[in-house]
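Each value in this text was obtained by applying a stated rule to the coordinates, not by laboratory testing. Model, not experiment: these values are computed from the prediction.
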Amino acid sequence: MSAQADFAAALLDPQRPCPNGLFSANGADPASRFAVYRNNVQSSLINALADSYPVVSQLVGEEFFRAMAQLYVQAFAPTSPLINDYGSDFSGFIEHFSPAASVPYLADVARLERLRVMAYHATDANAVDPAQIAAALGAPEALAQLRIHLHPSTFTLNSAYAVVALWAAHQADAPPENLEPYHPQSALVLRNGLEVEVFAVDVGTTTFIHSLQNNRPLGQAVTDALNVAPAFDLSQCLALLIGHNAIIHLQHDKVSP
């Protein structure tokens, strides 16, 4: 192991001794100075997780969250210089963290909160003028082959739990007492201007959006949505996307005669 790797490993593992070769300019004990530095590094990473996952923290309490986060920090070093990227796989850690098993929806709430972080930092893009969209939708002969491109901040999540309701409940000072988390719910996350918005949608809508994001034409995306949700409402879905500036490009494929 290189000296740099040894230093990084010792920062995250309190059981490791102070790396060899360190010294203090003022004559202080290098081991005690390193211990302070290690504590500051780990605290900073734990705070970064708390900033990214506030509802997860509220669901389990700050003490439990920080203890769980500390174990995550000690097991997973940052892989990006951007602090906002840290903890991108925290939901997977939570899912297999046995002390959190009594809160089975915790990992999906973490996934939703991660999508909100990703949406906030997604690339900017200008929305298509609603009049242009209306004109494209008013050409039935080309409608099936129309490809709709969505804002980079658009994300979806299908959950076995009421993740949107759980998240929304913790945006208020007093969460409702009758919240039932054990109902499947799908989420749409997008950034409208500078505001990240979260919507509860049906699985047909998330399937439709996923199809569009995989560059499928409108006709195929609608078919995909109806296959999983026969009651899928295209008009309602498009109204939601248009109303929140999520459509950024329309591509008209030429149909061969």
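Values as computed for the structure displayed
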| quantity | calculated |
| --- | --- |
| Per principal axis, descending, Cα span of the stretch 98-229 in whole Å | 55, 34, 26 |
| Stretch gain in nm, segment N227-S32, where the contour uses 0.36 nm per residue and the Cα spacing is subtracted | 63.9 nm |
| The stretch 32-170, Rg to Rh (Cα coordinates; Rh as Kirkwood inverse mean 1/r) | 1.13 |
| Helix 203-213 axis, angle to the chain major axis (alpha carbon atoms, nearest 10°) | 90 |
| The stretch 211-229 versus the stretch 68-114: alpha-carbon centroid distance in Å | 32 |
| Kirkwood Rh in Å, taken over the chain so that all alpha-carbon pairs contribute | 21.1 |
